[in-house]
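Heads up, the thing below is written out as structure tokens.
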Amino acid sequence: MQELGRLDDLPLAYRESLGAQNLVPLWPSLRSVLPPGTPARRTQPVMWSYEALRPLLMQAGELTPIEKAERRVLVLANPGHGLEKMQASAAIYLGMQLLLPGEWAPSHKHTPNAVRMIVEGEGAYTTVDGEKCPMSRGDLILTPTGLWHEHGHDGKEPVVWLDVLDLPLVYYTETSYAVEGKEQDVTATRLERNYARGGVVPSPVFSRGSARRYPMLRYPWADARAALLSLAESQPDVEAVQVAYVNPENGSDCQNILGFSALMLRPGETLNLPARSPAMVFHLIEGGAEVAIEANRFALSPADTCCAPGYTPVTLKNRSASEPAFVFVADESPLHKKLGVYEVRA
Ligand SMILES: [Fe+2]
């Protein structure tokens, strides 16, 4: 590939004249904005150990009352982007949030889409768009763009969850903002039960209302886990035992920008994922797994989280020969597909 002229090849007076007119020569930067063959990625393979971060999160509970935090979160930041950017990948934000018994995180809504994956504790709930969603380990709760949400806790132990947002992308596009609101009236609970039987959904034929854009806001782990076990049993030859979190009315991704799925690694299984354009996040729900990304080997225990840059093959290995491992996966696939840049490399 031909070497291009550098900025300091140009006379200083010329560069100053360009700057004075808000002009920049492209050719010194052309190879960095359009690198040959594979994009430059700031996202690095990183693992966050839950055992290591948990004491610091609990300490935050002592140091900062909820009224002073609103959302008491430690952000899982990728050093490749700079910690101050608070992003795990180009489009993914991750945060571990702590809610103590009796605390309330007030109602707000915002443009970024969020989901929470419950990590530990019982008795907390998220109210989303008037629906009270109980939170138990492994449950996935959506708070899509523009929907009011707040968190309460009637239990006795700390509750922790992993927040996954598309905040970096929404912030980058200068569309990120929040609105504070008043406590919501609870009008529904456990609406996900309307979709708990395969192949039948509430029929809109005789009703006047239009279908809700986000008909299902809570995906109980007990159901996703049971679906994985029955898939593994009924299709023993399937390459990846994986279920996607989708809109049950139309089968599309459950949110617009990030995609979510759950994966079961059969006892002793090694699963090779091809290099794909989206960055990925893996959070271990149950069991033990090793995640190999480039030269890194991350040994995940329950509640550990790691991320992989795009265009990078990943190998997942169940560390147990006798028990399955269950992994929650978040990635940027819906975004890449909408942008037309989604790619799988052999
Ligand atoms: Fe929020």
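What separates the Cα centres of the stretch 1-63 and the stretch 101-138 is a distance of 35 Å.
Checking every one of the GluC sites (Glu not before Pro) in the stretch 158-229 against DSSP loop status and a limit of 13 other Cβ atoms within 10 Å picks out 174, 183. Selection among 146, 217, 204 by position relative to the dipole of the stretch 97-222 gives 204 as farthest towards the positive end (Cβ unit charges, Cα centre). Helix 50-63 axis versus longest C-alpha principal axis of the chain: approximately 80°, rounded to the nearest ten. Computed on the chain, with alpha-carbon pairs under 8 angstrom and 6+ residues apart, the relative contact order is 15 percent. Take residue 54: with every protein chain present and a 1.4 Å probe, its accessible area is about 80 Å². Take the Cα of residue 180, go 7 Å toward its beta carbon, and the backbone nitrogen atoms of the stretch 52-83 under 20 Å from that spot belong to 64-73.
Placing +1 on the Cβ of every Lys and Arg and -1 on the Cβ of every Asp and Glu, with no other charges, gives the stretch 142-230 a dipole of roughly 600 debye about its Cα centre. The chymotrypsin sites (Phe, Trp or Tyr not before Pro) of the stretch 180-268 meeting both criteria, a DSSP state outside H, G, I, E and B (loop) and at most 16 other C-beta atoms within 10 angstrom of the site's C-beta, are 206. Taking other residues whose beta carbon is less than 12 angstrom from the beta carbon of residue 153, and scoring Lys, Arg as +1 and Asp, Glu as -1, yields -3. According to the calculation over all Cα-Cα pairs in the stretch 69-188, the P(r) per 5 Å bin from zero is 2, 12, 20, 25, 20, 12, 6, 2, 0 %.
Charged neighbours of residue 45, selected by a Cβ distance under 14 Å, balance to 0 (K, R count +1; D, E count -1). Accessible surface for residue 150 stands near 10 Å², nearest 10, in the context of the full protein assembly shown (1.4 Å probe).
Relative to the first principal axis of the alpha-carbon coordinates of the chain, what is the inclination of helix 221-234, with its axis defined by its Cα atoms, in degrees from 0 to 90 and to the nearest 10? With rounding to tens, the tilt is 80 degrees. Charging the Cβ of each Asp and Glu at -1 and of each Lys and Arg at +1, and nothing else, the dipole of the stretch 202-330 about its Cα centre rounds to 440 debye. What's log10 of I(q)/I(0) for the chain at q = 0.12 Å⁻¹, Debye sum over Cα points only, no solvent? These q points yield log10 I(q)/I(0) values of -0.91. Residues of the stretch 268-289 with backbone nitrogen within less than 13 Å of a virtual label 7 Å along the Cα-to-Cβ line of residue 122, please, listed as ranges. Within reach of a label on residue 122, which here means backbone N under 13 Å from a point 7 Å along Cα→Cβ, the stretch 268-289 contributes nothing. Extending 7 Å from Cα along the Cβ direction at residue 299 and again at residue 154 yields two label points whose distance is 4.2 nm. Across the stretch 153-283, the convex hull enclosing all Cα atoms gives 205 Å³ per residue.
Computed with a 1.4 Å probe over protein heavy atoms only, the accessible surface of the chain comes to 51 Å² per residue.
Between beta-carbons, use under 11 Å as the cut-off and find the net charge around residue 313, counting Lys and Arg +1, Asp and Glu -1. Every neighbour counted, the sum reads +1. Placing a label point 7 Å from the Cα of residue 235 along the Cα-to-Cβ line, the residues of the stretch 253-274 whose backbone N sits under 13 Å from it are 264. Would you list, by chain and number, the lysines whose Cα falls below 21 Å from the Cα of residue 156, excluding same-chain residues fewer than 8 positions away? Hits, sequence-local ones excluded: 132. Only Cα sites of the stretch 1-104 enter the Debye sum here, all with the same form factor; the resulting log10 I(q)/I(0) across q = 0.11, 0.18 1/Å is -0.61, -0.94, listed in q order. Principal axis extents of the Cα atoms in the stretch 234-346, from largest to smallest and rounded to whole angstrom, are 40, 35, 27. Within the full protein context, the accessible area of residue 269 is estimated at about 30 Å² for a probe radius of 1.4 Å.
Magnitude of the charge dipole for the chain, about its Cα centre and with charges confined to Cβ atoms of Lys, Arg (+1) and Asp, Glu (-1), is about 500 debye. Backbone amide hydrogens, once placed in the peptide plane, bring residue 269 within less than 5 Å of 318, excluding anything fewer than 5 places away on its chain. Between the residues 118, 155, 86, the greatest Cα displacement towards the positive end of the dipole of the stretch 56-175, with unit charges on the Cβ of Lys, Arg, Asp and Glu, is found for 86.
The values are calculated or read from the model by the stated rules, or taken from the named source; none is laboratory data. What you see is a predicted model; the values in this text were computed from it and never measured. In this analysis, Cβ positions are derived from the backbone assuming ideal geometry, glycine residues included, and neighbour counts consider all displayed protein chains. Accessible surface is based on the protein model in full, side chains and every heavy atom, while ligands, DNA and RNA are left aside. Shrake-Rupley method; radii C 1.70, N 1.55, O 1.52, S 1.80 Å.
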